[in-house]
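Step one of this worksheet: look at the structure below.
Computed from the coordinates by the stated procedures, all read-outs in this text should not be read as laboratory data. Keep in mind the model is a prediction, meaning the values are calculated, not measured. Here Cβ is always computed from backbone atoms with ideal geometry, including for glycine, and neighbour counts include all displayed protein chains.
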Amino acid sequence: MTQFNILRETYSCGFHNHTSLDPLKPIEHQLNRKRIQTRACRNQGPTSSLKQIIGRNSSLRIDFGWSFEGLSHYEKIMNECLEQVGSKYTFGTTSMVSDQRCSWLGFIPFNIFEKTVYEDLSDDSMIKFNNELVDFQIDVVNFITNHKIFLQHSITRNKSYRFELLKSRRHDRGLLEDSYLYYMQSSKEISQMNGVPRDLLEEHLGCHFLYHPDLFFELLTLSALKGEIYG
């Protein structure tokens with residue numbers, strides 16, 4: 001049964017594949033999963049090669065580059081993910097894991113008992129199993145990266161994501177204002193704190209208001225009047 005666990009101790013087991021996630025790029029290309037085409041595989045050697053592909057595909061560690069504020073944020077996303085994504089699949093899924101750093105997601109490789117689910121399948125059924133495993137992993141990561149909580153953490157904690165997102169909006173006054181307000185709201189909802197340091201706003205957002213410096217100071221002044229910034 002597909003499940004997700006956050007372990008109390010640092011998870012030290014190895015994974016066959018590793019990737020660092022960039023939410024602004026297509027997920028499928030980043031995961032580098034191997035699909036199998038039925039016609040091609042019949043000329044690719046014995047059934048054992050199919051089993052090896054499934055084994056490699058089942059083992060994947062994804063690094064976010066930052067940590068969730070707390071376990072509850074991560075658990076909420078994954079509970080919803082299991083409910084919505086997991087219910088779409090009848091087989092070809094694997095359990096998932098992280099630890100209390102909350103900075104990564106791991107798809108756990110099949111153990112010796114779980115391998116029996118696919119090892120006795122026909123070649124065509126094994127191919128279907130592999131491709132569904134790939135679809136499952138891609139769907140899971142797409143769900144995570146489009147979740148409100150993940151996006152809020154990304155704009156406040158992912159330096160590269162925030163820079164590239166706001167860089168694309170530098171000439172649009174309306175989008176810049178929306179980005180500022182979204183950053184403030186995200187900071188408040190993630191940390192449950194009402195105030196954000198002024199110097200942090202200047203560091204994270206200020207450089208993107210080069211074409212509209214007056215707007216940035218207007219927003220800072222309004223936030224100060226509302227008690228949302230300090231320093």
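Using Cα pairs closer than 8 Å and at least 6 residues apart in sequence, work out the relative contact order for the stretch 178-231, in percent. This gives 44 percent for the stretch 178-231.
Eigenvalues of the alpha-carbon gyration tensor of the stretch 169-230, scaled by 5 and square-rooted, set the equivalent ellipsoid semi-axes at 19, 12, 10 angstrom, largest first. Counting only Cβ charges, +1 for Lys and Arg and -1 for Asp and Glu, the dipole size of the stretch 4-151 around its Cα centre is about 400 debye. Taking the number of Cβ atoms within 10 Å of each Cβ as an exposure proxy, the fewest-first ranking of HIS153, HIS204, HIS29 is HIS29, HIS204, HIS153. Can you give me the P(r) profile for the stretch 122-231? Cα pairs, bins 10 angstrom wide beginning at 0, each as a whole percent. Here the calculated profile for the stretch 122-231 is 13, 37, 24, 10, 9, 5, 1. Sorting GLU114, GLU69 from the fewest to the most surrounding beta carbons within 10 angstrom yields GLU114, GLU69. Here the stretch 152-231 is treated with +1 on each Lys and Arg Cβ and -1 on each Asp and Glu Cβ, and its dipole about the Cα centre works out to around 200 debye.
Projected onto its three principal axes, the C-alpha set of the stretch 38-131 covers 49, 25, 25 Å, listed from the longest axis down. Of all alpha-carbon pairs in the chain, indicate the percentage at a distance above 32 angstrom. Of the Cα pairs, 34 percent sit more than 32 Å apart.
Dividing the summed -39500 (n - 2.57) terms of all DSSP H runs of n ≥ 4 by the residue count of the chain sets its mean residue ellipticity at 222 nm at -15500 deg cm²/dmol. For each pair in LYS34/LYS115; LYS88/LYS159; LYS34/LYS167; LYS25/LYS188; LYS88/LYS128; LYS25/LYS115, compute the distance between the two Cα atoms and list the pairs where it is over 23 Å. Among LYS34/LYS115; LYS88/LYS159; LYS34/LYS167; LYS25/LYS188; LYS88/LYS128; LYS25/LYS115, the Cα-Cα distance tops 23 Å for LYS88/LYS159; LYS34/LYS167; LYS25/LYS188; LYS25/LYS115. Sorted fewest first by neighbouring Cβ atoms within 10 angstrom, TRP66, TRP104 come out as TRP66, TRP104. The base-10 log of I(q)/I(0) for the stretch 115-166, evaluated at q = 0.13, 0.16, 0.17, 0.19 Å⁻¹, reads -0.52, -0.61, -0.63, -0.69 [Debye formula, identical scatterers on Cα atoms, solvent excluded].
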